[in-house]
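Quick notes on the structure that follows.
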2 protein chains.
Amino acid sequence: MADRPLEDPSSMTHRTASDALSKHTRPRPPDDGLRRVIVEGASPEVDGGRYPAKRVLGDDVVVECDLIADGHDAIAGRVLFRHAAAASWQVAPLVPLGNDRFRASFVADQIGIWEVTFEGWIDAFTTWRRDTEKKKAADQDVTVELLIGARLLSEGAARAAKDAPGVAALLEDAARIAADPKRDAAERFAAATSDLIVRAMLATPDLSPANATRYDRTLRIIVDPVLARFSAWYELFPRSSGEPGKHGTFADVEKRLDYVAGMGFDVLYLPPIHPIGRAFRKGPNNTLTAGPNDPGSPWAIGAAEGGHKAVHPELGTLADFERLVAAARSRKIEVALDIAFQVSPDHPYVKEHPDWFVQRPDGTIQYAENPPKKYQDVYPFDFACKDWKGLWSELLDVFLFWIARGVKVFRVDNPHTKSLRFWEWCIGEIKAQHPEVLFLAEAFTRPKLMYALAKGGFSQSYTYFTWRNTKQELEQYLTELTRPPVAEFYRPSFWPNTPDILPEHLQHGGRPTFLQRLVLAATLSSNWGMYGPPFELLEHVPRPGAEEYIDSEKFQLRSWNLDDPQSLRDAIALVNRARRENPALQQTRRIAFHRTDSDALMAYSKRTDDFGNVVLVVANMDPRHKHGGWIDLDLAELGVRPGESFQVHDVFSDARFLWNGPRNYVELDPALFPASLFVVRRKVRSEHDFEYFL
Amino acid sequence: MADRPLEDPSSMTHRTASDALSKHTRPRPPDDGLRRVIVEGASPEVDGGRYPAKRVLGDDVVVECDLIADGHDAIAGRVLFRHAAAASWQVAPLVPLGNDRFRASFVADQIGIWEVTFEGWIDAFTTWRRDTEKKKAADQDVTVELLIGARLLSEGAARAAKDAPGVAALLEDAARIAADPKRDAAERFAAATSDLIVRAMLATPDLSPANATRYDRTLRIIVDPVLARFSAWYELFPRSSGEPGKHGTFADVEKRLDYVAGMGFDVLYLPPIHPIGRAFRKGPNNTLTAGPNDPGSPWAIGAAEGGHKAVHPELGTLADFERLVAAARSRKIEVALDIAFQVSPDHPYVKEHPDWFVQRPDGTIQYAENPPKKYQDVYPFDFACKDWKGLWSELLDVFLFWIARGVKVFRVDNPHTKSLRFWEWCIGEIKAQHPEVLFLAEAFTRPKLMYALAKGGFSQSYTYFTWRNTKQELEQYLTELTRPPVAEFYRPSFWPNTPDILPEHLQHGGRPTFLQRLVLAATLSSNWGMYGPPFELLEHVPRPGAEEYIDSEKFQLRSWNLDDPQSLRDAIALVNRARRENPALQQTRRIAFHRTDSDALMAYSKRTDDFGNVVLVVANMDPRHKHGGWIDLDLAELGVRPGESFQVHDVFSDARFLWNGPRNYVELDPALFPASLFVVRRKVRSEHDFEYFL
């Protein structure tokens, strides 16, 4: 050994520094290097924090993150949250879930934007307590540990001194006892780790910049009124609500409110109510020439009588409209307006702001087209015109105009053909002033564009439900919609039909298909809507070759026999009542699909977070044949223990069945009713030993 | 109609502005509102861009993003990429994959950090061309469209004018023809849309701020030497490489290089080579008292002879070490050093920098412990001491010292007990100067902490492979490791044993288990390593009650009979040769598991991106019994067409089988060899109509 030359470490250090770093200054560690805790994996976070997640008033907002640090020290953390209008943060402790994951929750007790971030830190006192307990349990001497504990307690006291002098005194006392060599170790440790002291130390963490890490992003959560999560929409054409052959009015719609309320709807959605253009007006069944008495399409907006801030004269006055809004609200129904940002050639904007439209080289204004199709009755706005800021401001003003007249819910027509940036700005500005206002995006387009609109601010969104008919299609689609990331920002609204869409299965499937689609829409999704009266009156004849209604109200007045004995109004009322009575149906995230041994039978359950309410839906997907089959229930999803008997109560047939175990038989005859909506009731033993179903 | 009062839209505008916005200034749209394209969903992106993704030199780096805009206009985009040292961006066009997803790729032809971002824009010319073609196909008049096209061409010419005047002239010519009313429409359109013009327009996109969106983040990709992705490590204790009974030296290790190279390894990893402390030195089998001739643990670093920058005198000199490094490199083997940031009480740092360690209240230095266990022979550094910047800089300097002596690969001991922030800084600084240097993290700890170390800079990581023994465990683990996000930043290294771990299955399973673990480690993961000679010599006796070797080299010299006829050296050489010959085994991402009808048989395939090389491994997981069974191959993963015959050639037995269809029988007798490593060869028909297997 001695014959080998020894290295001189200090000289080597200098040599290394010079030869490896000759062209560099010696790197210096970052000033914030001492922060050991890494905060990541925050949830709910949409696109790395670019967009807010969505919740509703009263929600228990569950937030999570990973807190990771080297070694085995105890880590603690807290969530910081506040309504964006609040000056200071509220805090709640993060609770460890295991595997370095932490969770907290808070109640969103105010609508608007909330901000959330996290802090994590090394909890030296808990680490010390845990390790010292282990040493004591192994009968090791802990004299030095007690001195360390005393120092930690003194540091805690110093932190508490300013805001909680009483706590500080308590901790100083404990520190003194822990450090007192005249007492025995057990007494000293007990004093340092009493429940009171532990709670005091947890309440006085070391949040110094060297010990605590703040998450480097602020999550945003947009909290909407409950209606955003749970709503049933009824769409009707006001002009068809009058006496047969006469143009209906707002007053006529007012008379129909009880009918709509009776079916259990809480949003009444009206197609555009503005003056209708005359140039290139469409005739019945979308023909190119209108007769003198043809009313035209409500989406060809604007005439000499006014534009987006005016009311079509035949419907009544602005005052009539405001009275309708108030009358609806007294029945707990919100009137939703259709905002379609396009104009007829007769719209006042065309004369006042020709620069808001694309000018073609021949001096004409560019009409809407989907080549080779032409829509000469409609001019789209040019969202990138020279005066785009003026245009955008005016369109924002259209919303504000109707909000000032009491409207809180808007259905936006074809938002995907207008700039995404416009919507993000427009909806953001409106919600900053009117956080109660909701927007439904009527976009049937590419999936990522539909999601982009939702991220950009739309409260609810139309979906592909209208064309998802088989069990496999629906299970796959619901799985996508009800899980993160989509579930965080996209609130689906399921519509079996719209004035634009009479889907093929409704054309051919008869009453069982109408009932099946009603039940699926209203129970798969907590937001649903239908276009009536054609839906409840089983209208099913298409314009030949099209997926559209023949003699559509879009182009002509219709008169409806609401008292038709075939009407589905009672079934609709039953479904909407079940939705109101079962909180499990008032949300779209907690859904589970159950295996059946027949592809014709689809089974799914929904539940509240706490299993306080559980429903099970079984639907016969075949409108023509009776099907029976066995369902393999995932009992855990029903909150039922293995071996426990439970009752299922069908709200449609009022039948009750006593089931036990996962495998149960169901039979559904579409000629009677194509679905069962079971409320699941667990057996409960009362204090008097009397069993009943909760 | 006339009896209803008409609204005056202009007066209403003002009223709205005043009543809805009375307390606000009228909101103004954002200045960048015209950028219609949204760029999101970038890949590969780790934690929203916080950490770099990992690739190796020569990789075709595939990058993707979503480009989303309203409406139906054509969208185009490009990726911008550059080595971080380069001044300007290179670009490549993004190719649409459908569903608004776009992809590009570039070859990483230089190691170091690369930066990547994206741009997307509305392609007005392509939109115009597409729509005008549809109108022409429908025999519509396109006179006005031709004037619009001429304007787009002129705008393109203006953009090209500065950098490509020839292109500009070409586009101006086309614009003139397109606008010429004296020519016929077909000629005008053809001139505006010739291949040459289309290419010129695509090469001259409108990248003005109003039309093009730059992604708001820059992805980083760290490009390492190929060794980071594909390596076989052999660990040995130099002190046991000498004559029996004598302390081995670097010169002895040099003599063993051909043995190591013969088995096909390319990294030779040495436990710490520094002077070993004497205070509290451990004796054989980790006993607390060492005899005068006991060599102690190499991980008790530092003595009077020096510390982390010195060589243990009995091993030789620094010059001897440098000669070993060079001799290894001449055999294409890199010497990897073990960097363990902890010291023995005799380390020079303890005297020179007592402030770098935790001082206890009684004046002693805190030794390592895992209560109630004590490791009095080892002091950990206090990474948060007052002079933490001095400490961190010195530790960085340790790496630089050995890099200056030729070391390019480090195995870092227990990095998870040192600050994550330290590693991120230290590795970042080293790689900024020496991007070729690689770091293997020896962290067996909580999964998120292991992942955090990899995100923070470690090139490779030890894994739980050592304790994953059943088919189900391995399939689940590999699925986690080989998919994003983990696969983007975590390069697993699979070790069947280490000096610290003699896993239970090796204690009891005999030779078949050793062979099975060899094949699994070396074929499931493209990075693997073993601790020899105990592994190839089937050492399997544990220290009683522990998962460690009895008479471990960690505490005493051992002598090994490398020529033992039972040695696995030939099998190891066979496996490593198969890895070199089959590129499919040189990566860990493209793996597929195939169903077998026996839980004792595990089957998986690996393939190159282009299916140019495909291997299929079938392993008998039961070391005691012969098992046969049917495998349901996913033929698509093998690149084999349905109905196509293919040959599988077992590199272990040299047997060849002709298979057809997905279902094939395999039988494996562990007493012979517990696995087959099939190279899959598809039948190819030569130009002379002679069939052979490629």
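Annotations for the structure displayed:
- Put simply, chains B and A cover up around 9400 Å² of each other's accessible surface, both sides summed, when a 1.4 Å probe is used.
- Inter-chain shielding of A:430-437 (mean C-beta neighbours from other protein chains, 10 Å cut-off): 1
- Rounded to the nearest Hz, the phi-derived 3J(HN,Hα) couplings of region A:67-84 under the Karplus curve 6.51 cos²θ - 1.76 cosθ + 1.60 (θ = phi - 60°) are 10, 10, 9, 5, x, 10, 5, 5, 10, 10, x, 8, 9, 10, 9, 6, 5, 4, where x marks glycine and proline.
- Computed over Cα pairs, the Kirkwood radius of region B:93-165 leads via Stokes-Einstein (1.567 mPa s, 4 °C) to a diffusion coefficient of 82 µm² per second.
- Note on chain B: with charges restricted to the Cβ of Lys and Arg (+1) and Asp and Glu (-1), its dipole about the Cα centre is near 320 debye.
- With the largest listed first and rounded to whole Å, the semi-axes of the equivalent ellipsoid of region B:487-644 from the Cα gyration tensor are 32, 18, 14.
- With all protein chains in place and ligands, DNA and RNA left out, the 1.4 Å accessible area ranks B:K626, B:K282, B:K255, B:K162 as B:K162, B:K255, B:K626, B:K282, largest first.
- The local environment of B:E488, defined by Cβ-Cβ distances under 14 Å, has a net charge of +3 under the rule Lys, Arg +1 and Asp, Glu -1.
- Cβ-Cβ FRET estimate between B:T143 and A:D387, R0 fixed at 30 Å, reported to 0.05: 0.60
- Theoretical ellipticity at 222 nm over chain B - DSSP helices of four or more residues, -39500 (n - 2.57) apiece, nearest 500: -8500 deg cm²/dmol
- Residues in region B:288-297 carry Karplus couplings, in order, of 7, 10, 9, x, x, 9, 6, x, x, 8 Hz; the curve used is 6.51 cos²θ - 1.76 cosθ + 1.60 with θ = phi - 60°, and Gly or Pro positions show x.
- Legend: calculated FRET efficiency, A:E473 to A:T127, from the Cβ-Cβ distance at R0 = 56 Å, rounded to 0.05, equals 0.60.
- Pairs of Cα atoms in region A:126-222 fall into 5 Å distance bins, from 0 up to the last occupied one, in shares of 2, 13, 22, 21, 15, 10, 7, 4, 3, 2, 1, 0 percent.
- Within the protein assembly as shown, the ratio Rg/Rh, alpha carbon atoms throughout and Rh by Kirkwood, equals 1.01.
- Placing a label point 7 Å from the Cα of B:P544 along the Cα-to-Cβ direction, the distances to the matching points in the other copies come to 9.7 nm, shortest first.
- Modelled FRET efficiency - R0 41 Å, A:L672 with A:D500, Cβ distances, 0.05 increments: 0.80
- Potential lengthening of the chain between A:R682 and A:D563 amounts to 38.9 nm, from the contour at 0.36 nm per residue minus the alpha-carbon distance.
- Along its three principal directions, the equivalent ellipsoid of region B:275-400 from the Cα gyration tensor extends over semi-axes of 27, 20, 12 Å, largest first.
- Listed pairs A:K54/A:K431; B:K408/B:K606; A:K373/B:K136; B:K351/B:K418; B:K255/B:K408; B:K135/B:K182 exceeding 18 Å between Cα atoms: B:K408/B:K606; B:K351/B:K418; B:K255/B:K408; B:K135/B:K182
- Highest-first arrangement of B:72-84, A:468-480, where packing means the average Cβ count within 10 Å: B:72-84, A:468-480
- Spin-label model, A:E547 to A:H625: label points 7 Å out along the Cα-to-beta-carbon direction sit 2.7 nm apart.
- When the solvent-accessible area of the protein assembly as shown is split by element, carbon and sulfur atoms take up 52 percent of it, the probe being 1.4 Å.
- Close amide-amide hydrogen proximity is noted between A:L601 and A:M621, each under 5 Å apart and 5 or more residues distant or on a separate chain (H modeled in the peptide plane; Pro and chain starts excluded).
- Exam field: B:D60 pseudo-label spacings to other copies (7 Å along Cα-Cβ), nanometres: 5.2
- Solvent-accessible surface ranking, highest first, for A:T143, B:T193, A:T117 at 1.4 angstrom: A:T143, B:T193, A:T117
- Placed amide H near A:V95: partners under 5 Å, 5+ positions off or other chain: A:R103, A:A104
- Chain B residue nearest by beta-carbon to the axis mapping B to A, with distance in Å: B:G48, 2.
- Alpha-carbon centroid distance for the pair region B:157-209 / region B:470-546, whole angstrom: 63 Å
- The H on the amide N of A:G661, modeled in the peptide plane, is under 5 Å from the matching H of A:G643, A:E644, each at least 5 residues off or on a different chain.
- Hydrodynamic radius of region A:591-693 per Kirkwood, over alpha carbon pairs, in Å: 14.1 Å
- Binned Cα-Cα distances of region B:330-442, short to long, each 5 Å bin given as a whole percent: 2, 10, 20, 23, 18, 13, 7, 4, 2, 0, 0
- For chain A: accessible area per residue (Å², 1.4 Å): 40 Å²
- With q set to 0.06, 0.11, 0.12 Å⁻¹, the log10 of I(q)/I(0) for chain A, from the Debye formula over equal scatterers at the Cα positions, is -0.50, -1.16, -1.29.
The values are calculated or read from the model by the stated rules, or taken from the named source; none is laboratory data. As the structure is a prediction and not an experimental result, all values here were calculated from the model. Cβ sites come from the backbone with ideal geometry, for glycine too, and all protein chains shown count toward neighbours. Just the protein is used for accessible areas: all its heavy atoms, side chains included, with ligands, DNA and RNA removed. Shrake-Rupley method; radii C 1.70, N 1.55, O 1.52, S 1.80 Å.
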